[in-house]
1. What number of residues within region 170-196 satisfy the criterion of being within 16 Å of the chain's Cα centre (by Cα) and basic (Lys, Arg)?
2. Is there any pair linking a residue in region 78-101 that is over 12 Å from residue 127 (Cβ atoms) to one that is surrounded by fewer than 18 Cβ atoms within 10 Å (Cβ to Cβ) and not small (Gly, Ala, Ser), with Cβ under 6 Å and at least six apart or on different chains, and which?
3. Give, as residue ranges, the strands (runs of 3 or more DSSP E) completely inside region 196-277 that count at least 3 residues that are within 26 Å of residue 93 (Cβ to Cβ) and not small (Gly, Ala, Ser).
4. So residue 231 passes all but one of these: (1) of a type in the set (D, E, K, R); (2) farther than 24 Å from residue 259 by Cβ; (3) touching a residue at least 24 places away in the same chain (Cβ under 8 Å). Which condition number does it fail?
5. From the set of residues in region 7-31 that are in a loop (DSSP other than H, G, I, E, B) and more than 8 Å from the ligand (Cβ to nearest atom), which is surrounded by the fewest Cβ atoms within 10 Å (Cβ to Cβ)?
6. Name the one entry in 123, 133 that is of a type in the set (Lys, Arg) and touching a helix residue (DSSP H, G or I) at 6+ places or on another chain (Cβ under 7 Å).
7. Which one of the conditions (1) within 26 Å of residue 71 (Cβ to Cβ); (2) within 10 Å of the ligand (Cβ to nearest atom); (3) touching a residue at least 40 places away in the same chain (Cβ under 8 Å) does residue 163 fail to meet, given that it meets all the rest?
Amino acid sequence: MSNILLIGSRGTLGSEFAKLVPKNNIALADRPDFDVTDFESTKNFIHQHNFEVVINCSAYTNVDGAETDFDSAKLLNADAVKNLAEACRESNSTLIHFSTGMVFDGTNAEGYSEEALTNPVNKYGESKLLGEKAIQEVGGKYFIIRTEWLYGKPATKTAKKSFVELMIELGKSGKVKGVTDEIGKPTWAKDLAEATLELINSEQTSGIYHLINEGQASRLDWAKKIYQIMDMDVECEEALGSSFQRAARRPNYELLNNTKLPKIRSWQEALEEYLNN
Ligand SMILES: NC(=O)c1ccc[n+]([C@@H]2O[C@H](COP(=O)([O-])OP(=O)(O)OC[C@H]3O[C@@H](n4cnc5c(N)ncnc54)[C@H](OP(=O)(O)O)[C@@H]3O)[C@@H](O)[C@H]2O)c1
């Protein structure tokens with residue numbers, strides 16, 4: 001893998017790829033110089049440089065915002081993705097794109113395999129599903145990688161804080177509320193980026209893959225583990241998701257099952273390493 005374009009290199013996930021791939025092999029594309037919603041420039045740029053791989057880490061990730069501003073979510077998560085897929089097919093580049101567990105309705109406590117029936121319960125999930133479908137319709141070489149409950153350190157201070165940083169901040173008050181009826185698989189962006197690079201270098205064919213740290217937790221379990229590792233004395237009160245005012249509905253069981261690829265380590269092990277460094 002020598003000639004890679006990384007779009008959205010300063011976000012939670014993008015910044016991990018930027019650290020892992022040698023600088024000579026990667027072109028970083030970020031706003032304002034590179035805007036994926038500028039369809040023509042994006043296509044021209046990809047056509048001009050013969051990229052072997054295009055990694056798309058750009059996205060509209062405001063789950064609640066998508067309820068009232070679906071146009072913006074769709075523009076970035078579906079229309080821009082279709083344009084990227086076309087540019088990649090025309091240039092014979094492999095497109096790496098990320099999607100979410102929120103394409104499923106989250107009613108199945110056993111979780112969801114790569115082929116399970118999709119049925120998003122919120123507008124963000126809907127916009128991401130449109131992006132998946134667009135790539136499949138365009139064709140070419142692609143990996144759609146679904147993931148969930150991502151955390152890490154984005155490269156910019158203004159970027160959205162992940163759950164881990166948020167809970168550490170809230171925990172300083174000595175008392176927090178933790179949701180018990182939302183279950184997921186907390187996933188470290190660094191582990192996801194490493195597993196993605198392995199997938200790119202493998203013989204796998206185009207398709208949908210699930211990459212997540214193994215195991216599962218409620219938001220409350222996750223918060224408690226953070227405080228245990230950080231040695232913080234925080235009183236954690238149980239709460240239902242419905243007790244928080246949020247525009248978007250959350251799936252109860254956002255559980256992606258990885259049935260196609262080597263499994264990544266447990267979420268607890270990954271979290272320990274993340275917080276101890
Ligand atoms: N975070 C999660 O819990 C989670 C869960 C499941 C799936 N995912 C998926 O994983 C992927 C990465 O998510 P993330 O959490 O790393 O996202 P993120 O931290 O919000 O980063 C998104 C990146 O996209 C860039 N971007 C936004 N609009 C752009 C545009 N018009 N042109 C170019 N770049 C643009 C942002 O740049 P600026 O700095 O300029 O805004 C930022 O670098 C996304 O596809 C997301 O849907 C995330």
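The values are calculated or read from the model by the stated rules, or taken from the named source; none is laboratory data. Quantities reported herein were computed from a predicted structural model and do not represent experimental measurements. Note that each Cβ is placed from the backbone with ideal geometry, even for glycine, and that neighbours are counted across all protein chains shown.
1. Pass one, region 170-196, residues within 16 Å of the chain's Cα centre (by Cα): 184-196.
Checking which are basic (Lys, Arg) leaves us with 185, 190.
Summing the residues that are within 16 Å of the chain's Cα centre (by Cα) and basic (Lys, Arg) in region 170-196 gives 2.
2. 83/39; 87/43; 91/47; 94/141
3. Values: elements: 207-210, 235-239, 264-266.
Where strands (runs of 3 or more DSSP E) fall fully within region 196-277 and carry at least 3 residues being within 26 Å of residue 93 (Cβ to Cβ) and not small (Gly, Ala, Ser), they are 207-210.
4. (3)
5. So in region 7-31, the residues in a loop (DSSP other than H, G, I, E, B) come out as 8-13, 21-22, 30-31.
Now restrict to residues that are more than 8 Å from the ligand (Cβ to nearest atom): 21-22.
Numbers: 21: 20, 22: 9.
Filtering first and then ranking leaves 22.
6. Numbers: 133 fails: touching a helix residue (DSSP H, G or I) at 6+ places or on another chain (Cβ under 7 Å).
It is 123.
7. So residue 163 meets the others, but not (1).
Rundown of residues vs (1) at pLDDT 95 or above; (2) over 24 Å from residue 260 (Cα atoms); (3) among the β-branched types (Val, Ile, Thr), yes/no style:
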{"position": "57", "(1), (2), (3)": "yes, no, no"}
{"position": "71", "(1), (2), (3)": "yes, yes, no"}
{"position": "86", "(1), (2), (3)": "yes, yes, no"}
{"position": "118", "(1), (2), (3)": "yes, no, yes"}
{"position": "150", "(1), (2), (3)": "yes, no, no"}
